[in-house]
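The block underneath contains the structure these notes are about, expressed in structure tokens.
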Amino acid sequence: MGIPNIRIEKMEDINLEVLSLLNNLDGPAVLEVSLVDNNVPPMGDRVKFLSSFGK
């Protein structure tokens, strides 16, 4: 479709050059952010969070 786009796969990909490019366009653009966090939160915090909805 000819729409400018940028894909971000890691935090290091977000820099002044990318932001400047997006800022200086004369129309729409697509910024796709695909960050993966493989860290599993502690189970106790999950249970506390989910159980707070039942109150």
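Just so you know, all these numbers are worked out from the coordinates, no wet-lab data involved. The model shown is predicted, which means the values in this text are computed figures rather than measured ones. Every residue, glycine among them, receives a Cβ derived from its backbone with ideal geometry; neighbour counts consider all protein chains shown.
Would you kindly state how much longer the chain becomes between D45 and N15 on full extension, computed as 0.36 nm times their sequence separation minus their alpha carbon distance, in nm to one decimal?
Details: separation 30, 0.36 × 30 = 10.80 nm, distance 3.30 nm.
Taking D45 through N15 to full extension adds about 7.5 nm, to one decimal.
Backbone amide hydrogens, once placed in the peptide plane, bring I8 within less than 5 Å of E32, V33, S34, excluding anything fewer than 5 places away on its chain. The 3J(HN,Hα) values that the Karplus relation (6.51, -1.76, 1.60; θ = phi - 60°) gives for segment 42-50 are, in residue order, x, 4, x, 5, 4, 5, 4, 4, 5 Hz. Gly and Pro appear as x. What is the dipole size for the chain, taken about its Cα centre, with +1 at each Lys and Arg Cβ and -1 at each Asp and Glu Cβ, in debye to the nearest 20? Around 480 debye, computed over the chain. Among the GluC sites (Glu not before Pro) in the chain, those located in a DSSP loop and surrounded by at most 11 other Cβ atoms within 10 Å of their own Cβ are E9. Farthest towards the positive end of the charge dipole of the chain, among the residues L35, M1, N23, is the Cα of L35, using unit charges on the Cβ of Lys, Arg, Asp and Glu.
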